[in-house]
Each structure stands twice: as structure tokens, then as C-alpha cells.
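The values are calculated or read from the model by the stated rules, or taken from the named source; none is laboratory data. Note that this is a predicted model, so its numbers are computed, not measured. Cβ atoms come from the backbone with ideal geometry, glycine included; neighbour counts cover every protein chain shown.
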Amino acid sequence: MDMNETATIKVMTIAPNGDLSDVELPSGNVLQGLYSAIGCHCVDLLRLTDTLDMWVDDDGLMNGSAVNMPATAVAHAFGWTHQIYAGTVVLAEHSANGDTVSLRPELRAAVRGILGA
């Protein structure tokens, strides 16, 4: 591994009950890390802004996952007002070439501000 590579990607999860957690995804297998963090086997991506991503369980609304009103509020704050979301979600950022990267502290603070946390 190159000394400049990061072994993990630092992201935030939002659980349906509103719990916010800092989670680390393995940089070598981001998809498997997302599956584990969300508790699913198929994810979908919402590009909330030009850098902020919200990863969701693609089957969350159909498989009985609890509605996630805090995540829905975050999505609505960024203009994604057409649906609600279910299950745990992951917030991360993406690089210029589309790779998932760590969530910067200022975006963590913005999400916490939206949720009053």
C-alpha cells in the first residue's frame, strides 16, 4: 500500500431511530463495507450535492425496513423531496472521479445541524 493511501474511509450512518454513528469502510472493498454498514445486499446512491452522497438499501422500502425519517429529512434538505427512505443510510463524499471518500468534518456538522444533533 502506498504511504499516502488511506486504509479506511470515514463515513456517517443514520439509523431509523435517529442515531448517528461514525463508521469506517475498508478502502479496498467499499461496496462490502456499505453492505455491512447498512445491513443489506443491494445499495442505491443518491448524489445529494456535487460532493455529498447518501447510500441506501435499494430494497429498504420493500423489505420491511423501518422508515428513516432523519435520513429523509437530510435528503429533503438537499432537494430530494420525492420519497421517504428506509433502513440505515450511509453518508459519504465522492472524489472528482466518482470514488467514495471520507466525509469532511464540515459536512458532518451540516448533517448534524439539519437534524438538530
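Observations, loosely collected:
- When the range 42-62 is limited to residues that are part of a loop (DSSP other than H, G, I, E, B) and without any contact (Cβ under 8 Å) to a residue 12 or more places away in the chain, the one that is surrounded by the fewest Cβ atoms within 10 Å (Cβ to Cβ) turns out to be Asp50.
- Options Gly113, Gly79, Gly87; residue that is among the small types (Gly, Ala, Ser) and crowded, with 21+ Cβ neighbours inside 10 Å: Gly87
- Test: residue in the range 65-87 that is of a type in the set (S, T, N, Q), in contact with a Lys or Arg (Cβ under 6 Å, 6 or more places away or on another chain) and at pLDDT 95 or above: no
- If the condition is being under 14 Å from the mean Cα position of the chain (by Cα), under 12 Å from Ile9 (Cβ atoms) and among the small types (Gly, Ala, Ser), then the range 20-69 contributes Gly33, Ala37.
- Within the range 81-108, the residues that satisfy the criterion of being of a type in the set (Val, Ile, Thr) and either part of a strand (DSSP E or B) or farther than 15 Å from Leu25 by Cβ (or both) are Thr81, Ile84, Val89, Val90, Thr100, Val101.
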